[in-house]
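Notes follow once the structure below has been shown.
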Amino acid sequence: FCTVCTNRTFNTKYGVVCRLTHEVAAFENSCPDYIEDEKEVRIEGQKVETEISEKKTTINKGRNALFIVAGLYVIVGIVEGFFIEGHDILYAIIDWFAAAVFVGFGVWAFYRPYLALIFGLSFYGLLILLLFAVDPTTIFNGIIWKVFIIYALVSGIKTAKTEEVNRKRVSDDILDQL
């Protein structure tokens, strides 16, 4: 309330205080002296919208990373199954299965981004480790892609976690009011 009230002022010790009492707000649900500062309300609304947009963008980057990995596995499957001598369709099927798993995680991330991104990162890490066990030189193949994908997934996980905690807090607050 006080941050968007025309009766606010700033105290270096306490922050935003009431200009009438020069104290931190002591009211429960409403203040009899509250006068809404429309400009500040609009600015606060824009800040909230920007923050929400940035969080959605970060989560979307993580989700998109899952779809990018899926696409790469489809392409690798086509190349391995049809163009590399000595490889047969089994290699392609394995790659396409991995692609399907990543697509599944990407779709799940629309509903439960935190868990989907964690599982996606774990599966991606497991595949990297399995390929490393088969051929240690694969750890360096596509290192820029790997770093980009891991960064996008980790950033998405962090943001999705804070969103999940905030959603739970709001839910708990609503239940407390009942």
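The values are calculated or read from the model by the stated rules, or taken from the named source; none is laboratory data. Computed from a predicted model, the values in this text were never measured in an experiment. Please note: Cβ atoms are built from the backbone with ideal geometry, for glycine as well, and neighbour counts cover all protein chains shown. Remember, those area values only see protein heavy atoms, side chains included, never the ligands or the DNA or RNA. Shrake-Rupley method; radii C 1.70, N 1.55, O 1.52, S 1.80 Å.
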Residues of the chain: accessible area per residue with a 1.4 Å probe, Å²: 70
Can you list the GluC sites (Glu not before Pro) in region 83-178 that are in a DSSP coil and have 16 or fewer other beta carbons within 10 angstrom? 85
Any chance you could run the full-extension gain for residue 42 through residue 140? It's 0.36 nm times the residue separation minus the Cα-Cα distance, nm to one decimal. 30.3 nm
Would you please give the residues with an amide H less than 5 Å from that of residue 16, counting only those at least 5 places away or on a separate chain, with H modeled from the backbone geometry? 11
Positive end of the dipole of the chain, charges at C-beta (+1 Lys, Arg; -1 Asp, Glu), about the Cα centre: which of 31, 6, 77 has its Cα farthest in that direction? 6
How large is the helix-only mean residue ellipticity at 222 nm for the chain, computed as the sum of -39500 (n - 2.57) over DSSP H runs with n ≥ 4, divided by its residue count, in deg cm²/dmol to the nearest 500? -25000 deg cm²/dmol
Could you calculate the FRET efficiency of residue 53 with residue 3 from 1/(1 + (r/R0)^6), where r is the beta carbon distance between them and R0 is 22 Å, rounded to 0.05? 0.55
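Would you tally the net charge around residue 87, using a Cβ to Cβ cut-off of less than 13 Å, leaving residue 87 out, and scoring K and R as +1, D and E as -1?
On the way: positive: none; negative: 80, 85, 88, 95.
Summing Lys and Arg as +1 and Asp and Glu as -1 gives -4.
Could you calculate the FRET efficiency of residue 26 with residue 110 from 1/(1 + (r/R0)^6), where r is the beta carbon distance between them and R0 is 45 Å, rounded to 0.05?
It comes to 0.55.
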Going residue by residue through region 139-156, the Karplus relation 6.51 cos²θ - 1.76 cosθ + 1.60 with θ = phi - 60° gives ³J(HN,Hα) values, rounded to whole Hz and with x marking Gly or Pro, of 5, 9, 5, x, 4, 5, 4, 4, 5, 4, 5, 5, 4, 4, 5, 5, 4, x
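Computing the accessible area with a 1.4 Å probe over protein heavy atoms, can you report the carbon and sulfur percentage for the chain?
Numbers: 8030 of 12450 Å².
Carbon plus sulfur share of accessible area: 64 percent.
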State to the nearest 20 debye the size of the charge dipole of region 1-99 about its Cα centre, where the only charges are +1 on K and R beta carbons and -1 on D and E beta carbons. 320
Whether region 98-160 is rounded, prolate or oblate, judged on the alpha carbon gyration tensor where a/c under 1.5 counts as rounded: prolate
Under Karplus coefficients 6.51, -1.76 and 1.60, residue-wise ³J(HN,Hα) of region 69-76 in Hz, glycine/proline x: 4, 4, x, 5, 5, 4, 4, 4
Hey, what do the phi angles of region 127-134 turn into as Karplus ³J(HN,Hα) couplings, whole Hz, using 6.51/-1.76/1.60 and θ = phi - 60°, x for Gly and Pro? 5, 4, 5, 5, 5, 5, 5, 6
